[in-house]
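What follows is a set of notes on a single structure, which appears directly below.
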Amino acid sequence: MRKNAPLSWIKIDVLIRQNPKTRKFSQMLGADRRIGWAYFANLLLWAGVYAAEGNLSDICDDELAEICGWSGDAAALKDALLSSGLLESAGPDLVIHGWLDMVGSLLKRRGGGEKRPEETETEERTGNSALKGLENAGELETTGNKTPSENASLKNPVNNLLTTCQQPVTPRVRVRVRELYNKALVVYGHWATYHPKAKADPPDSVLKKCVAHLAEPRADGTRLTVADLCAVVDAYHADPWHREPSRSGLLNNFPYFFGVTSKGACRVDLGLGWAEAKRKKEKPQPSAQDVEAVEIAQASADCGLILSATELNELQKKKIKKQTWIDALTNMPLSDRVFRRVLQCL
């Protein structure tokens, strides 16, 4: 089964409220110690679904605050979690302290096939949905009915895609996933042009939200392209609100562009809207002379005379008005309606 697949439940110590680390965390955060522990509990519950290995490296400070339910300063929350020992650095990674001690047996049970009774019943109902979703989109070819029961339907399209790739399916599936990650890497490279100090070879965990948007069809049935997501990156970097010094750190986090706002809005959709508004604003408007040339061409065609671009340019240079041209054209017999003959009549 996929390494980071969600857990259906986790263990939380009944003494979490009296734990010295959570008490210190509440004190450093300036929160009521009677409820401060709940911010950390929110993080544990979220990790059980979205970061089952306890690694929080791909979320920014604002996302961490949103997950915990903290409405104050996001940086202060992270500092309090680290200083109290609830989070700790493991090389370049940010991990939950004691996470494997807390859920290690659950991870082992998940990998070894030992399941709680209610898990078995749920899996029997949803076992094949992850593969079916991509099969229906014409992306995958399965080999018979060999899909394991733990291939449950997940809301995150990246989870669906990667879980599927651990199953006995044809090589085409793995190629498709790698293609998506390669496309996401192109978007990352475009983002890195704004951030020269970014890692040249990011881990897949940094790219997975971008891959989700490339993999999942939109409401109208279309799929986003690399160019679309690069336009989103440009739009956010051009947005005045994000360019303020107090918020510039948000743009340093690649997954930020592909998440959701605190109000549940998709940041990719917002970025696409900004990019489209900019394109419309910058799109050159045709001059009155160009509009009149198009009208002359259309009216001439209605009268049986097709004008070439060269002939239209000549009319523009001579500053011949539309009505003058049409009057001369309609006053001539159909057989005489040739550009040069009409021009001579003016």
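The values are calculated or read from the model by the stated rules, or taken from the named source; none is laboratory data. Please read all numbers here as calculations on a predicted model, not as lab measurements. Note that each Cβ is placed from the backbone with ideal geometry, even for glycine, and that neighbours are counted across all protein chains shown.
This table checks each residue for (1) surrounded by fewer than 19 Cβ atoms within 10 Å (Cβ to Cβ); (2) among the polar types (S, T, N, Q); (3) out of contact with any strand residue (DSSP E or B) (no Cβ under 7 Å at 6 or more places or on another chain); (4) at positive phi.
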site	(1), (2), (3), (4)
Glu179	yes, no, yes, no
Tyr188	no, no, yes, no
Ala200	yes, no, yes, no
Lys209	no, no, yes, no
His213	no, no, yes, no
Leu229	no, no, yes, no
Gly249	yes, no, yes, no
Asn252	yes, yes, yes, no
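Matching residues to (1) modelled with pLDDT of 90 or more; (2) of a type in the set (Lys, Arg); (3) within 19 Å of the chain's Cα centre (by Cα):
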| site | (1), (2), (3) |
| --- | --- |
| Glu124 | no, no, no |
| Asn136 | no, no, no |
| Pro148 | no, no, no |
| Lys155 | no, yes, yes |
| Thr164 | no, no, no |
| Arg176 | no, yes, yes |
| Leu180 | no, no, yes |
| Cys210 | yes, no, yes |
| Asp220 | no, no, yes |
Query raised in the report: Quick check: is even one residue across region 16-27 of a type in the set (Ser, Thr, Tyr), outside the structural domain of Ser246 (by TED's automatic domain parsing), closer than 17 Å to Gly259 by Cβ and assigned to a helix (DSSP H, G or I)?
Result: no
Query raised in the report: How about region 243-260: which of its residues are without any contact (Cβ under 8 Å) to a residue 24 or more places away in the chain and under 17 Å from Leu229 (Cβ atoms)?
Result: Val260
Query - Residue list for region 231-242, restricted to those being free of Cβ contacts under 8 Å to residues at least 24 places away in the same chain and either touching a helix residue (DSSP H, G or I) at 6+ places or on another chain (Cβ under 6 Å) or closer than 13 Å to Cys210 by Cα (or both) - result: His242
Requested in this report: Report the residue count in region 198-218 for those that are farther than 23 Å from Val95 by Cβ and free of Cβ contacts under 8 Å to residues at least 40 places away in the same chain.
Outcome: 3
Query raised in the report: Restricting to region 290-308, what's the tally of residues that are part of a helix (DSSP H, G or I) and either among the small types (Gly, Ala, Ser) or touching a helix residue (DSSP H, G or I) at 6+ places or on another chain (Cβ under 6 Å) (or both)?
Result: 8
